[in-house]
Amino acid sequence: MAEKPKIKQAAMPDWLCGAQPGQTIDLDVRPILAAGNDPLAEILSQVKEMSPETILSIEAPFDPVPLRRLLAGKGYDNYAIQRSDQHWQIYFKRHVGQKLPDFPSFPDLPDFPVAWRDGILEMDLRKLMPPDPMIAVLKMIEVTSDYGGEGGAFTVWLNRDPIYLYPELIGRQWHAQIIHDEDDGLLVKIAKDEPI
Amino acid sequence: MIGANFLSGAGGRLLPPSIPFRYFTAGVIFYAVFWAALFVSADELTSYTMGGGPILSVIHMATLGVLSMTVIGASLQLLSVATRKAFKGFWLCRLVSWFYIPGIFLLTYAMYISWYSGMLMGAGLTGGGLLIFCGLIIHNIWGVTGMAAIMAHCWAAMLSLMGLLSLGILLIVNAEHGFMPDHFALATSHFILAVFGFMTLLAMGFSYILIPMFALSPGPPEGLGRWSVGCNITGLIGILIGVNIYLDWLVIAGIGVIFFGVGLYIYAMSRVYKARMRKRLGLPFILIRISWVILLISAIWGAVGAAGYWPDRGHTLFAAAAIIGWLLTFLMGVLQRIIPFLASMHSSGHGGVPLLTSAMADERLLTVNVLGHLGGLSAVILGIMFDWDMVIRAGAVMGFAGAMGLLIYLMYIIRHLASFRGEKA
């Protein structure tokens, strides 16, 4: 089983908590980056060879948000732990179940981590400055018919209670439900209103 | 789902409606009183040169009564949401109003009739309220990480507030006892700190959240905000030093740096505007866009004045453009969006779903406000340019009509909020 994170953050997913010894492939890309090389080819090569049960653990000196986004779009769940200031460990595992589409790109917003959790898209917007989290949610709603699970639902991690988002959701016949509210942030489920 | 969870947690970060709405109501009342007082004193406007009397009172009705009043209400509401730090002592938020609102009434009345003791007492009450407000804001933004550009605007605005307060009280005492060698330089510094330090910096800082939020657009790059506020602070310091040690070149250089900072701000806002998801932005954005144009014109006109090329009444034109054209116009645009939004959030209807504000008040009243304000602004500018008292008076009538439109709209909203809370209780 993977080591528990040192910094309080989102709950570790079941597939990682229940990981067996030998199920994980480790790849430390810090030396590759230190040598001035791009480790992407090496990572994609490892990903290509992974079985659905395998978990890929990547150690990097920063949070590789674009990589997480890329692999999320290819159907890989991910979970990141910040071990120290310049040491991140990110776990990837192929999502079991339906084939997942590529993640949409929002070029006018800063990068943010995305993941699939049990077939539902999860966006971590905690590092975005307001009002970008609200904009990311509204942009997601615009394209959600292609990406959302459970009738378009998706979840977002936020730092702040999205009070300015609520009226916008109402106007679009969507709603928000806070499903986790702790020091590490709020996990909010965004879903379409059910027809009356 | 919406009903039970719609405001889950949000209520804790939204202030009780009585707090922001008391400032908004007082601000809109002062907005109407400002136009009325301008109507009465129109013949003194074009000859005014920073002394006491009715025009000094009219200026403070706009700056303290309308601008600062509304900024206090909006800041208390917005900052607690943006920083995730709720104001714990709501009584302190209320206490500000108990000092500040009667303080401004007394101060502006005393200024109008040149009553020295009244001015001093009014300034003491107003200053007391502003100091409590300043303490609340500093406590709220202290240690906040992220949003560096917005926080820098807030810090600089609070420092400006402390500076302008000190200078304001000094000016009143000096008007009676005359111990300072250059009253004009002090008054100019006070004006610059108030209009371009405190109010402009807060307006710009909050723009980086408010404008993208209203327009549904990604925020502008953080770097633009940082450079802009850096230029504005540097320019302000340059101007203040230049004014007080009589270095015209430093004043002009300061205005030049501020012009660059303002340009970056406008560029950032135009990016937001272009990337917006909400295509129809309505009346508030007509006001906001006009205010940006006038902000740029004010900066250019300021530089013309510093270079010594202002014609007669150039300084009055500058003050009118900065206070009515830029700040009041911008603020009316923001108020037209914030009032309906907060009212909607605080009056969840059946099942907890927020009501549309069109169900609470007639939105044509907002059109009256826009037309009245813009008509009033245009006529006052024209009247100053050509020294036509009657045109200034006509502008004041239009402005007053616009203010009454907003006031009636606000009264409808408040009556709705009160009846909703009564039903809820």
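The table that follows gives values for the structure above.
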read-out: Residue within the range A:78-90 that is among the charged types (D, E, K, R) and either in contact with a helix residue (DSSP H, G or I) (Cβ under 7 Å, 6 or more places away or on another chain) or modelled with pLDDT under 80 (or both) present; value: no
read-out: Residue list for the range A:186-196, restricted to those being more than 10 Å from chain B (Cβ to nearest Cβ) and surrounded by 13 or more Cβ atoms within 10 Å (Cβ to Cβ); value: A:187, A:190, A:192
read-out: The range B:190-220, residues that are more than 9 Å from chain A (Cβ to nearest Cβ) and either without any contact (Cβ under 8 Å) to a residue 24 or more places away in the chain or outside any helix (DSSP H, G or I) (or both); value: B:220
read-out: Residue check for residue B:184: aromatic (Phe, Trp, Tyr) and under 30 Å from residue B:83 (Cβ atoms); value: no
read-out: Check on residue B:379, at pLDDT below 90 and either surrounded by 21 or more Cβ atoms within 10 Å (Cβ to Cβ) or away from every other protein chain (no Cβ under 14 Å) (or both); value: no
read-out: Criterion (under 25 Å from residue B:381 (Cβ atoms) and in contact with a Phe, Trp or Tyr (Cβ under 9 Å, 6 or more places away or on another chain)) met by exactly one of B:283, B:295; value: B:295
read-out: Residue B:387 of a type outside the set (Ser, Thr, Tyr) and at positive phi; value: yes
read-out: Failed item in (1) within 22 Å of residue A:90 (Cα to Cα); (2) at pLDDT 85 or above; (3) assigned to a loop (DSSP other than H, G, I, E, B), with residue A:187 passing the rest; value: (3)
read-out: Condition met for residue B:144 (farther than 23 Å from residue B:298 by Cβ and within 14 Å of chain A (Cβ to nearest Cβ)); value: yes
read-out: Of all residues making up the range A:12-43, the number that are surrounded by 15 or more Cβ atoms within 10 Å (Cβ to Cβ) and either on the phi > 0 side of the Ramachandran plot or of a type in the set (A, V, I, L, M) (or both); value: 9
read-out: All positions within the range A:158-175 that are outside any helix (DSSP H, G or I) and at the interface with another protein chain (Cβ under 7 Å from one of its Cβ atoms); value: A:159, A:160, A:161, A:163, A:164, A:175
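Rundown of residues vs (1) at pLDDT 80 or above; (2) over 23 Å from residue A:136 (Cα atoms), yes/no style:
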{"residue": "A:56", "(1), (2)": "yes, yes"}
{"residue": "A:61", "(1), (2)": "yes, yes"}
{"residue": "A:64", "(1), (2)": "yes, no"}
{"residue": "A:70", "(1), (2)": "yes, no"}
{"residue": "A:76", "(1), (2)": "yes, no"}
{"residue": "A:104", "(1), (2)": "no, no"}
{"residue": "A:113", "(1), (2)": "yes, no"}
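The values are calculated or read from the model by the stated rules, or taken from the named source; none is laboratory data. Quick caveat, the model's predicted, so the values are computed rather than measured. Reconstructed Cβ throughout: ideal geometry from the backbone, glycine too, with neighbour counts over all protein chains shown.
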